[in-house]
1. Quick check on my filter: what residues within the range 298-343 are of a type in the set (Ser, Thr, Tyr), open to solvent by 30 Å² or more (accessible area, probe 1.4 Å) and either part of a strand (DSSP E or B) or closer than 19 Å to ALA383 by Cβ (or both)?
2. Every residue in the range 133-161 that is open to solvent by less than 60 Å² (accessible area, probe 1.4 Å) and not hydrophobic (A, V, I, L, M, F, W, C), please.
3. In the range 236-289, what residues are over 24 Å from GLY390 (Cβ atoms), open to solvent by 70 Å² or more (accessible area, probe 1.4 Å) and among the polar types (S, T, N, Q)?
4. Kindly evaluate GLY164 against the criterion of being small (Gly, Ala, Ser), in contact with a Ser or Thr (Cβ under 8 Å, 6 or more places away or on another chain) and either open to solvent by 60 Å² or more (accessible area, probe 1.4 Å) or over 30 Å from VAL107 (Cβ atoms) (or both).
5. Taking the residues in the range 350-397 that are among the hydrophobic types (A, V, I, L, M, F, W, C) and more than 24 Å from ASP232 (Cα to Cα) as candidates, determine which candidate is surrounded by the fewest Cβ atoms within 10 Å (Cβ to Cβ).
6. Quick one: what pairs do we get from the range 122-145, first residue free of Cβ contacts under 8 Å to residues at least 24 places away in the same chain and within 16 Å of ARG273 (Cα to Cα), second open to solvent by 40 Å² or more (accessible area, probe 1.4 Å) and in a helix (DSSP H, G or I), C-beta under 8 Å, 6+ apart or different chains?
7. Are there helices (runs of 4 or more DSSP H) fully within the range 22-110 with at least 3 residues that are on the phi > 0 side of the Ramachandran plot, surrounded by 22 or more Cβ atoms within 10 Å (Cβ to Cβ) and not polar (S, T, N, Q)? List them.
8. Could you tell me how many of the residues in the range 17-28 are touching a helix residue (DSSP H, G or I) at 6+ places or on another chain (Cβ under 9 Å) and either aliphatic (A, V, I, L, M) or over 19 Å from VAL253 (Cβ atoms) (or both)?
Amino acid sequence: MPEQSPLDLPEGDPFGPHNLPYGVFSTGDGSTRRIGVRLGDHVLDAAAAARTLRSAHADLLDRPVLNPLLAAGRTVWTEVRRTLTSAVTDPQHREAVEPLLHPLASVTLHLPYEVADYVDFYASEHHATNVGRMFRPDGDALTPNWKHLPIGYHGRSGTLVVSGTDVVRPSGQRKAPTDPAPVFGPSIKLDIEAEVGFVVGTPSALGEPVALADFREHVFGLFLLNDWSARDIQAWEYVPLGPFLGKSFATSVSAWVTPLDALENARIAPPTRDFPLLPYLDDAETEPAGYDLHITVSINGQEVAHPPFATMYWTAAQQLAHMTVNGASLRTGDVYGSGTVSGPETAQRGSLLELTWNGRDALELTDGKRTFLEDGDTVTLTAWAPGPNGTRTALGEVTGTITPR
């Protein structure tokens, strides 16, 4: 019986032709990196496929990173996607394209873009409310500004790492409220933050804000992101300027970027706004900018939470508008994170801080109890979104294992 072609996917495969996320891969010794798109459990050499179809954009794909493609803009993104979709669906290209598909298990995946700047937001009302109740039990759960602007901070772009990279347990100062003085050592409250990241393609000029309606002209795609957090280091350092060493040691991102064009069926309206928004953030009359993404958080292979991205109060379009409203420019390769994704139910919380209520209620795992992460723990985020005709569109996973210093 002849071997089945990698172009013949099972019906409804979440990495089918309706998806085609972008990544960067290498074979052999890894010295040559190439742009690819994922199809099932294979990777298509994108530049080779584009040349086979005589695409005018083949040179943009013959690069070791996505940045030149990202910078080319939406019209090119659409044309390239159309070419690659034809390569894997049109029978006339089948014979030429099949040899360009590499088994996923045989390649090495790399960080797919050069990161410019990194910004992280705090956009889940449920997450922010839980944290407020935890640390301000006698005050308002949300700060007065929370419903009026997307709160965020600038992070460290040099420590964004691709999925599969080990995360060394960070050290720093920590001080419990009852301790007379701080001590130095490894974090004992190492946590995760289940997030969705967005990568900017088209840059903007310094001094020119990006409007809500221009979100899709600037943002190429999205991916899963785990913003590891040392809660004990952060608690001692963050007043008055915010996160620093408790966050900057590592942020894990998926090896696959799902283009926004692959998520048309996942677009939804965000939650109802509780307060009138200033004009630059008012999305009442704009096209839906929320995304119906279903995230799963697993620790050592055991599912512990299912955060729903549909509940996020602030959208990625509003975050981009706020990030640039002061005139800050965008650069190709800018990455921004949604902030921890949490829903209204206990099983929908996207951090151990919430799932264990700051260590009060241990999680029962098959390999023992957890309040925060232990050395050797592996955390994996996966997700899917509604696709065309009742299918699902999978996001590439992001995973990382904690190693001791």
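The values are calculated or read from the model by the stated rules, or taken from the named source; none is laboratory data. Quick caveat, the model's predicted, so the values are computed rather than measured. As a convention, Cβ positions derive from the backbone with ideal geometry for all residues, glycine included, and neighbour counts pool all protein chains shown. Surface accessibility is based on the protein's heavy atoms, side chains included, excluding ligands, DNA and RNA. Shrake-Rupley method; radii C 1.70, N 1.55, O 1.52, S 1.80 Å.
1. Residue satisfying the conditions is THR311 alone.
2. Answer for the range 133-161, where residues must be open to solvent by less than 60 Å² (accessible area, probe 1.4 Å) and not hydrophobic (A, V, I, L, M, F, W, C): GLY139, THR143, LYS147, PRO150, GLY152, TYR153, GLY155, SER157, THR159.
3. If the condition is that a residue be over 24 Å from GLY390 (Cβ atoms), open to solvent by 70 Å² or more (accessible area, probe 1.4 Å) and among the polar types (S, T, N, Q), then THR272 is the only one that fits.
4. no
5. Among them, the one singled out is TRP384.
6. LEU142/GLU125
7. So the answer is none; nothing clears 3.
8. So the count comes out to 4.
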